[in-house]
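Inspection log for the structure reproduced underneath, given as structure tokens.
The values are calculated or read from the model by the stated rules, or taken from the named source; none is laboratory data. What you see is a predicted model; the values in this text were computed from it and never measured. Don't worry about glycine lacking a Cβ; one is built from the backbone with ideal geometry, like all the others, and counts go over all protein chains shown. Side chains included, ligands, DNA and RNA excluded: accessible areas come from the protein's heavy atoms. Shrake-Rupley method; radii C 1.70, N 1.55, O 1.52, S 1.80 Å.
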Amino acid sequence: MEKGKIGVTTENIFPIIKKFLYSDHEIFLRELVSNATDATQKLKTFASAGELKGELGEMSISVSFDPKKKTITVSDNGIGMSAEEIDKYLNQIAFSSANEFLDKYQDQANAIIGQFGLGFYSSFMVSDKVEVISKTYRDGVPAVKWTCDGSPEYSIEETEKAGRGTDIILHIDKDSKEFLDEQRLENLLKKYCSFLPVPVHFGNEKEWKDGKMVDTGKPKVINNTRPAWTIKPSELKDEDYNKFYHELYPMGEDPLFNIHLNVDYPFKLTGILYFPKIRNNFEIQKNKIQLYCNQVFVTDSVEGIVPDFLTLLHGVIDSPDIPLNVSRSYLQSDSNVKKISSHITKKVADRLADIFKKDRENFEKKWDDLKLFIEYGMITEEKFYEKVSKFALFKNTAGKYFTLEEYDKIIKENQTDKDKALIHLYTTDPVAQHTYVAKAAEKGYDVLVLDGQLDTHLINALESKDQGSRFVRVDSDVIENLIKKDESHSSKLSKAQSDDVAQVFRSQVADSDKARFHVRSESLDENDLPMVITQSEFMRRMKDMAQFGGGYSFYGEMPDSFDLVLNTNHPLVVALAGDLDKEHADELKKNSAGIEKTRVEIEFMEKEHGKKKPEEIPSVEKDDLERLRGELKQLEEKRKGILDGFGNEHKAVRQIIDLAMLANNMLKGEALSAFVKRSISLL
Ligand code: ADP
């Protein structure tokens, strides 16, 4: 027997390994099984190069455990190692690279915890002793046994071993007993080894017989050695892709489309990405992509490796070129990762373009489920936007789909306003905003349905790219103002009358913490409604965005602000103005004259005073001006009093407001009961 000391400078490296890796002890199994896989793959390569004497046989790996002896054993029938190789690979190389690694990252302990594996040596995270029994594939070389108890000292001796290959025997330490459990081990193997290229045996198949589960004596294979992504796309049908999807996500709904990735240069990458149906709450659907390195599972958190919107996709990415064993911040700045990321983005866009071109019907059918994903990408990734904006779809209220280019052509003639802006009308809820949609239809305008979570963000982006085009919700103003043409209606009321009626109506609406109302007169068509409620596009959009998060929270806290647009050409409004005239003409006339006169006087005095320095103005004059201002205020109050009183007395005023509220689904509670009562009394 030979004894030696492992060549490391750090006196005792194991406590450090343990400390660094504490959060992810379970990866020891991944490391050992993937070493075993490498050993079998290498042997296959040698065999095909004619370097192997004798039979290659069935390649396999087996994992077993013994709860009494407290051991876990990972065995393979791969290339094996001679004593010299053990010395070279286990004693020197592995340790020195581990040491280098620790030197380099000492200061970033937190960043790297759980982010890297130390290959074979990770077995010391869970063991107080490790034995390696190995016999190389080369003829006539004796089997060897290497033992190390977790100190830098090891021993190596010749031993007997029946066949070629390596057994790694871990003597599990008392803190890691959890791993001596069938279920735990099986779960770990399923997590990390489900798609390894070599069959991994763990325990025996069981079957249901005579009312109980019995051991069949046949070893149970826990992995699929030929997962779909390793197969040529030409050999796979849609069913195969779907079947593999359900292998990854047993509970998942069928995906919409898939993309088979296969890159050789400048990096190696394979994989299959799936477009899932994306429901509204997409946070839950994020981070389902699994990252593999040569078919060994590494992680399912791919942030930083692919752009954020792509994390909505599902599936598998397999690349030996992604530096997996480093911290995330390192990953994000890695140039290979950047290339991979933009490559995947491009592939995804190309695939969508392809489906759009070849099978538009299918694309339209799936659009509603795809839309959120695509819009997310368009908003966050410029490159993706450039490609996808050519075929991103918009749906109108008739349920027809258009690309923006197609749509613009259709509406160009009718929906260009007098300032040459192309106006896209949209509704976020065709049912609730029906009155407005119908109004637009009457004018021959088309209305888009933008009811998606990201639509507001998207139209912001579209507008910023095309200054000549605007998106306005159908209820953000009266239709005449949304698409301004040169025609205008003459008003049946004078300016003063319009202002007075507006105040009459203003007197009958109350602001609340959540809503502010502003009454505004417009001379619309006499066949239009007497009053409509609109909400400014800008404010509403900002509030929508605030709801979604991002830097708009300031708007989120503002009350909603509504315009009550009074149609001063509507017969009911004209009639009210007539009644007002009848009942209060004299009073109002006198009041107007008073206001007019006082205003003139104030204006005159202010002008005079403007010519002098403040100290030159006699105080009598100053007092006079103050008095006049007071009088004006009183006169205005008086007028308001007359108008408010008129509003109180005339039920039609409140009725017209309530009808407008009702059309907008804003009449609720007490106000609704009062409306019903009043309506009956008016009948
Ligand atoms: P890595 O796998 O990253 O090279 P490891 O520390 O896991 O680092 O292993 C070091 C070396 O030991 C491997 O490169 C391989 O040559 C050898 N080795 C480890 N496990 C086995 C095995 N089961 N069979 C044959 N050789 C092995």
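Out of the residues in region 144-153 meeting the condition of being farther than 18 Å from residue 28 by Cβ and in contact (Cβ under 8 Å) with a residue 24 or more places away in the chain, tell me which one is most open to solvent (accessible area, probe 1.4 Å).
At the first step, the residues of region 144-153 found to be farther than 18 Å from residue 28 by Cβ are 144-145, 151-153.
Those still in the list that are in contact (Cβ under 8 Å) with a residue 24 or more places away in the chain too: 144, 151-153.
Values: 144: 6, 151: 32, 152: 12, 153: 104 Å².
Residue satisfying both the conditions and the ranking: 153.
Name the single residue, out of those in region 110-158 being on the phi > 0 side of the Ramachandran plot and at pLDDT below 85, that is farthest from the chain's Cα centre (by Cα). Please lay out each step first, then the result.
First pass over region 110-158, keeping only residues on the phi > 0 side of the Ramachandran plot: 114, 119, 140, 150.
After this cut, where a residue has to be at pLDDT below 85 as well, the list is 114, 119, 150.
Working: 114: 26, 119: 35, 150: 46 Å.
The qualifying residue farthest from the chain's Cα centre (by Cα) is 150.
Quick check on region 71-98: of everything there that is acidic (Asp, Glu) and either within 9 Å of the ligand (Cβ to nearest atom) or under 45 Å from the mean Cα position of the chain (by Cα) (or both), which residue is modelled with the lowest pLDDT? Reasoning before the result, please.
The initial filter retains those residues of region 71-98 that are acidic (Asp, Glu), namely 76, 84-85, 87.
Then keep just the ones that are either within 9 Å of the ligand (Cβ to nearest atom) or under 45 Å from the mean Cα position of the chain (by Cα) (or both); that gives 76, 85.
Numbers: 76: 97, 85: 91.
Filtering region 71-98 for residues that are acidic (Asp, Glu) and either within 9 Å of the ligand (Cβ to nearest atom) or under 45 Å from the mean Cα position of the chain (by Cα) (or both), the one modelled with the lowest pLDDT comes out as 85.
Just checking, how many residues over region 409-450 are assigned to a loop (DSSP other than H, G, I, E, B) and in contact (Cβ under 8 Å) with a residue 24 or more places away in the chain? Give the steps one after another, and end with the answer.
Here is the first cut: in region 409-450, the residues assigned to a loop (DSSP other than H, G, I, E, B) are 413-415, 417-421, 428-433, 443-446, 450.
Those still in the list that are in contact (Cβ under 8 Å) with a residue 24 or more places away in the chain too: 414-415, 417-421, 428, 430, 432-433, 443-446, 450.
Counting residues in region 409-450 that are assigned to a loop (DSSP other than H, G, I, E, B) and in contact (Cβ under 8 Å) with a residue 24 or more places away in the chain gives 16.
Of everything in region 115-142, what is free of Cβ contacts under 8 Å to residues at least 40 places away in the same chain and either part of a strand (DSSP E or B) or near the ligand (Cβ under 10 Å from one of its atoms) (or both)? Give them in sequence order.
133
Residues being of a type in the set (Ser, Thr, Tyr) and either closer than 12 Å to residue 394 by Cα or open to solvent by 60 Å² or more (accessible area, probe 1.4 Å) (or both): count how many of those fall in region 367-382.
Let us first name the residues in region 367-382 that are of a type in the set (Ser, Thr, Tyr), namely 376, 380.
Filter once more, keeping what is either closer than 12 Å to residue 394 by Cα or open to solvent by 60 Å² or more (accessible area, probe 1.4 Å) (or both): 380.
Qualifying residue count for the region: 1.
I'd like the full set of residues that are at positive phi and at pLDDT below 90, limited to region 268-316.
Going through region 268-316, the residues at positive phi turn out to be 271, 287, 294-295, 304, 315.
287, 294, 304 - these are the residues of region 268-316 that are at positive phi and at pLDDT below 90.
Among residues belonging to region 479-510 that are at pLDDT 90 or above and part of a loop (DSSP other than H, G, I, E, B), point out the one that is most open to solvent (accessible area, probe 1.4 Å).
Across region 479-510, the extreme among qualifying residues is 492.
Looking at region 26-40, which of its residues are in a helix (DSSP H, G or I) and more than 7 Å from the ligand (Cβ to nearest atom)? Walk me through it before giving the result.
Keep residues of region 26-40 that are in a helix (DSSP H, G or I), which gives 27-40.
Listed by number, the residues that qualify are 27, 28, 29, 30, 32, 33, 34, 37, 40.
Suppose we keep only residues that are outside any helix (DSSP H, G or I) and away from the ligand (no atom under 16 Å from the Cβ) within region 163-195. Which one would you say is most open to solvent (accessible area, probe 1.4 Å)? Talk me through it step by step, then tell me what you get.
Start the filter on region 163-195 by keeping residues that are outside any helix (DSSP H, G or I), which leaves 163-173, 180-181, 194-195.
Add one more test, that the residue is away from the ligand (no atom under 16 Å from the Cβ), and what stays is 171-173, 180-181, 194-195.
Working: 171: 44, 172: 10, 173: 15, 180: 29, 181: 69, 194: 26, 195: 9 Å².
Ranking the qualifying residues of region 163-195, first place goes to 181.
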